[in-house]
1. Looking at (1) within 14 Å of chain A (Cβ to nearest Cβ); (2) over 22 Å from B:Leu294 (Cβ atoms); (3) surrounded by fewer than 21 Cβ atoms within 10 Å (Cβ to Cβ), which one does B:Ser224 not meet, given that it meets all the others?
2. Answer yes or no: is there a residue in the stretch B:181-200 that is without any contact (Cβ under 8 Å) to a residue 24 or more places away in the chain, under 27 Å from B:Phe71 (Cα atoms) and outside the structural domain of B:Phe281 (by TED's automatic domain parsing).
3. Quick check on B:Ala55: is it away from DNA strand D (no atom under 16 Å from the Cβ) and at pLDDT below 85?
4. When the residues of the stretch A:263-287 are narrowed to those that are within 11 Å of chain B (Cβ to nearest Cβ) and of a type in the set (D, E, K, R), which ends up nearest to A:Ser297 (Cα to Cα)?
5. In the stretch A:14-28, which residues are closer than 15 Å to A:Ser4 by Cβ and in a helix (DSSP H, G or I)?
6. B:Val66 versus (1) touching a residue at least 40 places away in the same chain (Cβ under 8 Å); (2) within 14 Å of DNA strand D (Cβ to nearest atom): which is the lone unmet condition?
7. Being acidic (Asp, Glu) and part of a loop (DSSP other than H, G, I, E, B) is the filter; apply it to the stretch A:147-182 and report the residue that is farthest from A:Arg291 (Cα to Cα).
8. Would you please name the residue that is modelled with the highest pLDDT, looking only at residues in the stretch B:26-44 that are more than 12 Å from DNA strand C (Cβ to nearest atom) and polar (S, T, N, Q)?
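The values are calculated or read from the model by the stated rules, or taken from the named source; none is laboratory data. None of these values were measured; they are calculated from a predicted model. Every residue, glycine as well, gets a Cβ built from its backbone with ideal geometry; the counts of neighbours run over all protein chains shown.
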2 protein chains.
Amino acid sequence: MAHSTVYDVAHKAGVSIATVSRVVNSPEKVNLETRTKVLQAIDQLGYVPKAEAAARARKSAGRIAVLAPFFTYPSFVQRLRGVANALAHLPYEMTVYNVDNTARRDSYVTSLSLTRRFDGLILMALPFTQVTVERLVNNSIETVSIEVTHPSFSSIEIDDHAGGRLAADFLIRKGHKRLGFIGDTDLPDLAFPTSDRRLTGYRAAVRDAGLELDPLNISLAAQSLQNGRHSMHALMSQPHPPTAVFCASDTQAMGALKAAHELYLNVPRDVAIVGFDDLDFADYIGLTTIRQHLEESGRLAVELLLSRLENRARPIKNVRLTLEVIERETT
Amino acid sequence: MAHSTVYDVAHKAGVSIATVSRVVNSPEKVNLETRTKVLQAIDQLGYVPKAEAAARARKSAGRIAVLAPFFTYPSFVQRLRGVANALAHLPYEMTVYNVDNTARRDSYVTSLSLTRRFDGLILMALPFTQVTVERLVNNSIETVSIEVTHPSFSSIEIDDHAGGRLAADFLIRKGHKRLGFIGDTDLPDLAFPTSDRRLTGYRAAVRDAGLELDPLNISLAAQSLQNGRHSMHALMSQPHPPTAVFCASDTQAMGALKAAHELYLNVPRDVAIVGFDDLDFADYIGLTTIRQHLEESGRLAVELLLSRLENRARPIKNVRLTLEVIERETT
DNA sequence: TGCTTACATGAAAGCACTTACAAGTATAAC
DNA sequence: GTTATACTTGTAAGTGCTTTCATGTAAGCA
């Protein structure tokens, strides 16, 4: 009963595949008797010509593709939730492509847009080359980029640099003088280096305040709870540990918090911790953090995409989402 | 430049059509130099592969579909991570369908399976009707179901009932006599009622121990941190609050923990809390929980699926994953 | 230096159909 | 009883693309 082909039908009806094809495409060319026989076989086998099915679906793919590095990072998940919710009652499905190695990334966008069928593309924190851009534009694939801006696309970005400053200014205003930082090792090329940018802004603000960011107080590792914890242990076991640590993500901050407890440090008395993202759980562990509107970014990406999909004449928009310090119990 | 084909591109780039195809579909397999040459030719000719022809020639769709209710629940995300990782270096992409209402659930399976847009299907915690089963079987769509078992499919399940017992036995052994439960309101039809089953097992074990589960000590609500918190507040503000609470998910347990802190209750002295899932963060908040192997379940689902995809003659497998109590600081 | 291994590539065999072409049969016309 | 004509139908040659297989070449190693 599986998916049958012209061959199956032909065999069952005792005719050639050409006849089957004719019955489907120009029935008047085939004798009534034969035609009936073939139609019967078609019904019995539940035969659906593939091309036709494809053609029917061709109007619109009804799919929007989302490319994200490490889509299981909480921050990406939260963005995805925004995308999924926005798409929930629309005739579009979402395909998530997980970009997890550099080799793949380079060509992924290219080959995807050429090979796969979808109506729109959402790029999450993926840097791209000019060639990629041109290819997407040439194939008129409507694209929205989150975190990375480009004049050819609609985009949604946050000012990571300003986010870093925000954290530093906040901590300095609280009286801290020895500041630390826990961030991502940059995976060159793979994902957009938000952590680096946050660090740059952080450092700039520290300098502006006449302070210095000791390289020993900076620890970088791949983003994870475990690494956040290790980084914190490393920072705090120095002769002159920082009195406040800014983490490039809430995940790392959570790991840092764990480490602080393990070291019997009182947070925020002994050391203050600031995260970044304001994930769901941040509120629940009382984490002070820089809020970026993750779910909203996903929702907005869909909105921008669909708006252009409906009417290509609409202008490309580059939206910048605001950041804010959410003060809780870790500072 | 009308419609160019692989042949045109191949000719212009001085390579074979096979190489052109490879550049489009798996660029990493072709030498950078050659690739550049071909891409140049592609750009110059404005070549766009005909999806229809590709679909015809491609034996498999190269897609596996994952249907999940509320895919942004942490437990589903963790399963998805297992799926994504298992698929990472295989020629399959993953499409996540978020099922958020019953109507959609049925239509997905129907329409998607009819157009045969994917090779395999993973159903996460989705109950299905016999009609659906038949449709899938008729269209010979290889399916693996997680959490729900059916003789026609491979499946991966856990014994929720036993999980509930495990939690109760553990708490009773710790000396608790007034037990509480925080679980999901069942969304009839939409998702598999794991929470209910855990409650049933929990209650049974409590009875077996000669105790009683007071209905006032049970609070059900849609799964979320907020609701977990509210439920805990409700339970603990009674005249006879429980001394231990089992939550049907770690998310709810985290909310409950938050509530306990807000009420200045010492955990575990005043009230013990046990979760379910053992999510990433459980270890970090010291949550005692019933561990189920989420990521592994995703990995395994892919394994079962691919095994049957390679060779349909292989038997259908119904795997039961074990559960265990992970004792931490909340009990 | 000879031998194994990995990589890059082209030839060729599909895929699921469509369609031009030719052949066979029945009917009509002489 | 031929021959012309209209119908049917099967054969086989495309269609544009993917992928296996085999071969040639470059690199690794003792």
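1. The failed condition is (2).
2. No, the conditions are met nowhere in the stretch B:181-200.
3. Spelling it out, it is not the case that B:Ala55 is away from DNA strand D (no atom under 16 Å from the Cβ) and at pLDDT below 85.
4. Only one residue fits best here, namely A:Asp280.
5. Residues satisfying the conditions are A:Ile17, A:Val20, A:Ser21, A:Val23, A:Val24.
6. Failed condition: (2).
7. A:Glu147
8. My answer is B:Gln40.
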